[in-house]
Amino acid sequence: MNPDSSILQVSNLYKSFTQGGKTIAVLNGLELEVKVGERIGIVGLSGSGKSTLLHILGGLEHSDAGKILIHGQNIVQMDDLKVDHIRNNHLGFVYQFHHLLPDFSALENVSLPPLIRGQSKNDAKMLSREILHKVGLEHREDHLPGELSGGERQRVAIARALVNEPSCILADEPTGNLDEKTARDVNDLMISLSDKLGTSLVIVTHNAELAERMDRVVQLQNGILSEV
């Protein structure tokens, strides 16, 4: 693996859970490399551990063993505060459900990552307005999530993920809760913005059409990833 061309490098990753007195292996020595600007689709059966993998890659869950290098820094060896810093500076997340704060406007939701990063309120709003314009929602910035359509809410979620200009977006079934046409529009937007911004994408999906648009597709099975 070449650290100069990689955003994310994962080696010998293990994760298991105990359920009903039995140990269930989810990740079993998994390997993955994500290069700068690369788009990767992760597919696999429901329950195979795809969402768990994505959460571990983003430092939202802990692995049992292995290395996760983000720009050469091993987050497995960091405390939670340092992991939070790495995540806020280098990663963005998009989920199947938008997870927007219901009492915050679109602009306020998108402003949260730069505020957490330490930007001033004015700078955070300026950055958020720019990215909302890029996702075609500049006219909806003052609207609450409940006043937006499903597709608009997911566009806000994408704007929130991109506002800090992360190196990589981790997306978990980002359009799984949308109708076919809206899903296609949102996928078009996400891929277009990743091209323009040079952002890598790692997308967990059951959508065959979306998977075909990735640079490569890997399947999670028996705790390891293999090329499709």
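Coordinate-derived values only; no laboratory data. Since this is a predicted model, take the numbers as computed values, not measurements. Cβ coordinates were reconstructed from backbone atoms using ideal geometry, including for glycine residues, and neighbour counts include every protein chain displayed.
Some notes on this structure:
- Calculated FRET value between residue 191 and residue 133, using beta carbons and R₀ = 25 Å, to 0.05: 0.85
- Couplings for segment 161-169, taken from phi via the Karplus curve 6.51 cos²θ - 1.76 cosθ + 1.60 with θ = phi - 60°, read 5, 9, 4, 8, 6, x, 6, 8, 9 Hz in order; Gly and Pro are left as x.
- Taken one residue at a time, the phi angles of segment 51-64 give Karplus couplings (6.51, -1.76, 1.60, θ = phi - 60°) of 5, 4, 4, 4, 5, 5, 4, x, x, 8, 10, 9, 8, 7 Hz. Gly and Pro are set to x.
- Pairs beyond 22 Å (Cα-Cα), from 22/50; 35/196; 35/134: 35/134
- Other-chain or far-sequence residues with amide H under 5 Å of residue 201's (modelled H): 38, 39, 40, 169
- Note, ³J(HN,Hα) from phi for segment 91-97, Karplus 6.51, -1.76, 1.60, rounded to Hz, x at Gly and Pro: 10, x, 10, 10, 10, 4, 9
- Peptide packing: for 77-83, 19-25, the average count of neighbouring Cβ atoms within 10 Å per residue gives the ranking 77-83, 19-25, highest mean first.
- Helix 180-197 vs. the chain, principal-axis angle (Cα, 0 to 90°, nearest 10): 90 degrees
- In segment 20-106 the Cα-Cα distances spread across 5 Å bins starting at 0 as 2, 10, 20, 22, 19, 14, 7, 3, 1, 0 percent of all pairs.
- What the Cβ-Cβ distance of residue 147 and residue 60 gives, at R0 = 30 Å and to the nearest 0.05, is a FRET efficiency of 0.55.
- For the chain, dividing the convex hull volume of the Cα atoms by the residue count gives 132 Å³ per residue.
- Taking every C-alpha pair closer than 8 Å and separated by at least 6 residues, the mean separation divided by the residue count of segment 126-214 gives a relative contact order of 29 percent.
- FRET efficiency for residue 216 and residue 24, using Cβ-Cβ distance with R0 set to 25 Å, rounded to 0.05: 0.35
- DSSP-defined beta bridges in the chain - what % are antiparallel, rounded to 5: 55 percent
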